Each structure stands twice: as C-alpha cells, then as structure tokens.
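In what follows, a single structure is set out as structure tokens and then discussed.
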Amino acid sequence: MAVMDIVHYGDPILRKICDSVSDFSNLENVIDDMFDSMYEADGIGLAANQVGLDLNLFIIDITHTDEEEESHVFINGEILSKDGDEEFFQEGCLSLPGISLDILRPERVTLKYQSLDEIWHEEEFTGLLSRAIQHEMDHLKGKFIVDRVSQAERIQFKKELRDLTENSNKRLKSKVSKKGFVL
Ligand SMILES: [Zn+2]
C-alpha cells in the first residue's frame, strides 16, 4: 500500500490535458496506489493528475451507494456524447479542500475507454457514476468545478483559491530544492 500526495489547485499539472496511456505494464501498481490514496482521503473518484501523474486515467468507487457494486478504472477515456436533462448536484473535490459547489451537468454520458486489459469499451452511464465520470474527465482536461460556475459564485472562494495556489507554489519550490540533497 502506498498513499500518494493529492495535489491541490494551483499545481500546474491540474491545468494540463493529460497524456494518453500507451504503456500498460506497470499500471496495476499505479492504480492500486491511486485507490489507496483515494480511500485515505475519503474520495469517491480520483484522476491521475490529482496525484501528480500525467496520464489519462481515473478511478471511481461509489460502492457505498446502492447504485454500484464494483469500483471502476477508466483508461484513455473520451466522452463521446452527453445527453438527458441538465441537473444541479453538489460536488466537492479532493484538489479543492473546503470548497463545494452546485454544478450543472447533463444526466447521461457515453464514454469510450480502455480497461486494464487494454480492451476498448463504449458505454453509457447515468446517475452518480455519470456525474463522477464527468467530474474526473474535467480534471484530465485541466478543468475544475470552479471553472463551471459563474464569476460571482467563484469570487466567494477568492481567498481559498489564493491560499491553495500559494501552498501549491510553496510545495513545488520545496520539491525542487530537495533535489539538491541526494546523499
Ligand atoms: Zn475533483
């Protein structure tokens, strides 16, 4: 078990469009560590760039609800279509601690993705799973829930966003300077 640090708003990797996964050889270990990290943080979904990995990969576990019995791994995901009524639902985010927002999203999503065995799937999702998929796919395209609300709403969290950015910058700087102490 290895719990990875979850990176927060302000870290540039969370603004990146993540790279496709081409090497599946060590992915199982990466995914195990991502699940450990997500459970440790009490999350229901986690995108690879939230633990500093530039990969089009995310995991979801909503087995605490009645909707799903298994956890999910989505690799090289691409949203093919979104449809159904748009609904508001309150979303939090592991990379935005202390912030939750009502986000409008369509009810259904059709996702093309690969599973760990490299097989391609095309599947329609509804309910909480659809919601979580849309949230995680946003991450992999460099987008946050704060980008999906009006400026008036976002401004209420100006201080939180500034503090998160400052802390992310500090963290990045300390990481760089640490590289000088290879003894
Ligand atoms: Zn998130």
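Worth a mention:
- Restricting the stretch 11-37 to residues that are touching a helix residue (DSSP H, G or I) at 6+ places or on another chain (Cβ under 9 Å) and not in a helix (DSSP H, G or I) leaves a set whose member that is nearest to Leu96 (Cα to Cα) is Asp11.
- Check on Leu140, of a type in the set (A, V, I, L, M, F, W, C), over 21 Å from Ile17 (Cβ atoms), surrounded by 15 or more Cβ atoms within 10 Å (Cβ to Cβ) and modelled with pLDDT of 95 or more: no
- If the condition is being more than 16 Å from the ligand (Cβ to nearest atom), out of contact with any Ser or Thr (no Cβ under 9 Å at 6 or more places or on another chain) and without any contact (Cβ under 8 Å) to a residue 40 or more places away in the chain, then the stretch 1-54 contributes Met1, Asp19, Ser22, Asp23, Ser25, Asn26, Asn29, Val30, Asp32, Asp33, Asp36.
- Residue within the stretch 99-111 that is aliphatic (A, V, I, L, M), in contact with a Leu (Cβ under 7 Å, 6 or more places away or on another chain) and loosely packed, with under 15 Cβ neighbours inside 10 Å present: no
- First in the stretch 121-143 and closer than 14 Å to Val73 by Cα, second anywhere and of a type in the set (Ser, Thr, Tyr), Cβ under 6 Å, 6 or more apart: His121/Tyr113
- Test: residue in the stretch 60-81 that is part of a loop (DSSP other than H, G, I, E, B), among the small types (Gly, Ala, Ser) and out of contact with any Cys (no Cβ under 8 Å at 6 or more places or on another chain): yes
- For the stretch 106-146, taking the residues that are part of a strand (DSSP E or B) and either within 13 Å of the ligand (Cβ to nearest atom) or of a type in the set (Asp, Glu) (or both), the one that is farthest from Leu53 (Cα to Cα) is identified as Glu107.
- Here is the figure for the stretch 80-98: residues that are within 16 Å of the ligand (Cβ to nearest atom) and at pLDDT 95 or above total 9.
- Restricting the first member to the stretch 84-102 and to residues that are within 15 Å of Gly127 (Cβ to Cβ), and the second to residues that are β-branched (Val, Ile, Thr) and more than 10 Å from the ligand (Cβ to nearest atom), the beta-carbon pairs closer than 6 Å and six or more apart or on different chains are Glu91/Ile103.
The values are calculated or read from the model by the stated rules, or taken from the named source; none is laboratory data. What you see is a predicted model, and the numbers here were worked out from it, not measured in a lab. Cβ atoms come from the backbone with ideal geometry, glycine included; neighbour counts cover every protein chain shown.
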